[in-house]
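Some notes on the structure that comes next.
Nothing in this text is a laboratory measurement; each read-out follows from the coordinates by a stated rule. Nothing here was measured: the structure is a model prediction, and the numbers come from that model. Please note: Cβ atoms are built from the backbone with ideal geometry, for glycine as well, and neighbour counts cover all protein chains shown.
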């Protein structure tokens, strides 16, 4: 599967920017992950050990994606959640890159790559593990 912008011509998102606009707004590392479907190294993300109550949003467009109550320690090296804030908040696409079939997770508002979802969230209410790149997310702690 190509980078998110490859499929953007076929998909219309509420937040739509040119490649140059994304490059100006995102750091090179964010651009690589969010717009070119890259992956940050495991155990390096700032949000991996974030334990406060709050909201996770798309680092590209600010769309609400995950609540802290669905985050769990999966031991995989990336922040993991067992469900998105709403089913329509994320877009799930087949990813057959790297010689395997996986399910890519994109922000439904802007089409940015967030990570992948796997059916191995054992012990969670859904059985799913949304394995997200920290750099794809922003975190806002609950007030109080």
- Query: How large is the convex hull of the Cα atoms of the chain per residue, expressed in Å³ as a whole number?
  - Reply: 113
- How large is Rg/Rh for the stretch 25-72, to two decimals, with Cα atoms and a Kirkwood Rh? 0.98
- Task: Would you please state which residues of the stretch 106-134 a label at residue 41 would reach in this model, taking the label point 7 Å out along Cα→Cβ and a backbone N cut-off of under 16 Å?
- Result: 134
- Task: Within 10 Å of each residue's Cβ, count the other Cβ atoms and sort 102, 86 from fewest upward.
- Result: 86, 102
- Query: What is the order of 132, 100, fewest Cβ neighbours within 10 Å to most?
  - Reply: 100, 132
- Task: Place the peptides 31-41, 67-77 in order of packing, highest mean first, counting for every residue the other Cβ atoms within 10 Å and averaging per peptide.
- Result: 31-41, 67-77
